[in-house]
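Report on the structure given below.
The values are calculated or read from the model by the stated rules, or taken from the named source; none is laboratory data. As the structure is a computational prediction, the values presented were derived from the model and not from experiment. Don't worry about glycine lacking a Cβ; one is built from the backbone with ideal geometry, like all the others, and counts go over all protein chains shown.
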Amino acid sequence: MDASPQQEIHTIYHAHHGWLVGWLKRRLGCIHHANDVAHDTFLRLITKSLSISQVDEPRAFLTTIAHGLMVDQFRRNAVEQAYLQALIHLPETLVPSPEEQMALMEIILQLDQLLNGLKPVIRTVFLLSKLEGLTYQEISSTLGIPLRTIESHMAVALRHVLSMKLS
């Protein structure tokens, strides 16, 4: 008789949670972050529609999920640091309130997530156009890329954004 999904999760959790936390601690250098990512890994596992019994190598499966979560966290941290550095250089009269800062950070992180998966050059072209307000010709000159390539990159970026918003 097959185990229920809850029993499968319980079994894999007890068999591999300690190992996963150790694996993450070696990579992250902090037991607290390792525990957080391990927790998020199992949450992600619970939300997958895949039956755990179909997984041949549970540790490889768990490390793949955990690695993706670490990459997402590193990227979020980099975005947050860039935002905080930008705030430091603003005149005091222009610094947003803490509430506005949190709202802006949330928007920035959502934008980062939305653009995740685009090649860096395509992401750069999109951001220069939409955030900096540069024309395609200005982007072409700035990046040293032909205008036709800029147009192509924008088409790819816009299709990606639209597909992400629809999903």
(request) For the range 4-32, enumerate the residues that are of a type in the set (A, V, I, L, M, F, W, C) and free of Cβ contacts under 8 Å to residues at least 40 places away in the same chain. (result) VAL21, CYS30, ILE31
(request) Filter the range 95-126 for residues that are more than 18 Å from the chain's Cα centre (by Cα) and surrounded by 14 or more Cβ atoms within 10 Å (Cβ to Cβ) and give the result. (result) GLN101, VAL125
(message) Exactly one of these conditions fails for GLY29: (1) within 21 Å of the chain's Cα centre (by Cα); (2) on the phi < 0 side of the Ramachandran plot. Give me its number.
(response) (2)
(message) If I filter the range 36-73 down to residues being in contact with a helix residue (DSSP H, G or I) (Cβ under 8 Å, 6 or more places away or on another chain) and hydroxyl-bearing (Ser, Thr, Tyr), which single residue comes out as farthest from ALA15 (Cα to Cα)?
(response) SER51
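Which of the following residues is among the small types (Gly, Ala, Ser), closer than 30 Å to ARG27 by Cα and at pLDDT below 90: GLY117, GLY133?
Numbers: GLY133 fails: closer than 30 Å to ARG27 by Cα.
Within the list GLY117, GLY133, the selection yields GLY117.
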(message) Please list, ordered by residue number, the helices (runs of 4 or more DSSP H) wholly in the range 46-164 having 2 or more residues that are in contact (Cβ under 8 Å) with a residue 24 or more places away in the chain and in contact with a Ser or Thr (Cβ under 9 Å, 6 or more places away or on another chain).
(response) 58-88, 120-130
(request) Quickly run through the range 6-45 and pick out the residues that are assigned to a helix (DSSP H, G or I) and either exposed (fewer than 11 other Cβ atoms within 10 Å of the Cβ) or basic (Lys, Arg) (or both). (result) GLN6, HIS14, LYS25, ARG26, ARG27, HIS32, ARG44
(request) Consider LEU131 carefully, then state whether it is of a type outside the set (S, T, N, Q) and either over 23 Å from LEU84 (Cα atoms) or touching a helix residue (DSSP H, G or I) at 6+ places or on another chain (Cβ under 7 Å) (or both). (result) no
(request) Give just the number: which of (1) within 17 Å of the chain's Cα centre (by Cα); (2) crowded, with 16+ Cβ neighbours inside 10 Å does HIS153 not satisfy? (result) (1)
